[in-house]
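Notes follow the structure.
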Amino acid sequence: MTDLIVGACPIRQRKRSAVAVVLVGLAVIVTIVFAGAAAGYRVNMTPSEPLGIWRIRPLRRPVAVGDLIFICPPATVVFAEARSRGYLHRGLCKAGSAPLIKSVIAIAGQHVEIGANLSVDGRAVANSRLVPRDGAGRLLEASRSGIVPDGDVFLHSPFSASWDSRYFGPIPASGILGLAQEVLTYAP
């Protein structure tokens, strides 16, 4: 009888060891993620830009057309709906979402025309066809055409299913965290 009890102990010890290894592994991963975030590194898991590790570089000048940026979306009804639809991941921005990686295609004072495609100051924007529905078949409403207001930026991603300013309009440049720099990425 004692042999059975003694024989069962190594199994319990292996289970405890396995649990301990998993917990230590999770702790290491969490530490790396938070330390990376504190150092300006982010993991992009959306296809709007290449998947992988990105770095937020300080923007020490005014934002310009063509800049690829990290930006925190504002806490608005539109972005709350986007979170509920799964367009935005949870994150550390004030609104509770992860920052977006998008290209600035218009700044304050520029005219954005939204139709079947997008144009800025009369020039067509490549890969900007609007889609009427998202991947789940839900209606997507286009933003309004007009002049980008002072303090705002108009964002775009060439990915055909990107949810960008074509749908949510210009957003405050005050949400810009910095320039987006690829570190280790993969574009499928």
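Laid out as a table, the results:
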item	result
Charge context of Arg85, other residues only, Cβ under 11 angstrom, K/R +1, D/E -1	0
Sequence of Thr76, Thr46 when ordered by accessible area, the most exposed leading, probe 1.4 angstrom	Thr76, Thr46
Accessible area per residue in Å² at 1.4 Å probe, computed on the chain	61 Å²
Cα-projected label distance for Glu182 with Asn117, points at 7 Å along beta-carbon direction, nm	2.4 nm
Under the Karplus curve 6.51 cos²θ - 1.76 cosθ + 1.60, θ = phi - 60°, whole-Hz ³J(HN,Hα) for segment 171-179, x wherever Gly or Pro sits	10, x, 5, 4, x, 5, 8, x, 6
Length-normalised contact order of the chain in % [C-alpha pairs under 8 Å, at least 6 apart]	25 percent
Förster-model FRET efficiency, 25 Å R0, Arg144 and Arg57, C-beta, rounded to 0.05	0.20
Within the accessible area of the chain (1.4 Å probe), percent carbon and sulfur	62 percent
Net charge of neighbours whose Cβ lies under 13 Å from the Cβ of Leu140, counting Lys and Arg as +1 and Asp and Glu as -1	+1
Summed residue charge, Cβ within 11 Å of Trp54's Cβ, Lys/Arg positive, Asp/Glu negative	+1
For segment 45-135: rounded, prolate or oblate by the Cα gyration tensor [a/c cutoff 1.5]	oblate
In segment 96-188, the trypsin sites (Lys or Arg not before Pro) that fall in loop regions by DSSP, at most 12 other Cβ within 10 Å	Arg129, Arg138, Arg144
Segment 80-188: relative contact order as a whole-number percent, Cα under 8 Å and 6+ apart	23 percent
Net lengthening on full extension, Ala18/Arg129 (0.36 nm per residue, minus Cα-Cα)	34.9 nm
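The values are calculated or read from the model by the stated rules, or taken from the named source; none is laboratory data. None of the values given here were measured: they were computed from a predicted structure. Virtual Cβ from ideal backbone geometry, glycine too; neighbours counted across all protein chains shown. The protein model used for the area step is the full one, side chains on, heavy atoms only, and it has no ligands, DNA or RNA in it. Shrake-Rupley method; radii C 1.70, N 1.55, O 1.52, S 1.80 Å.
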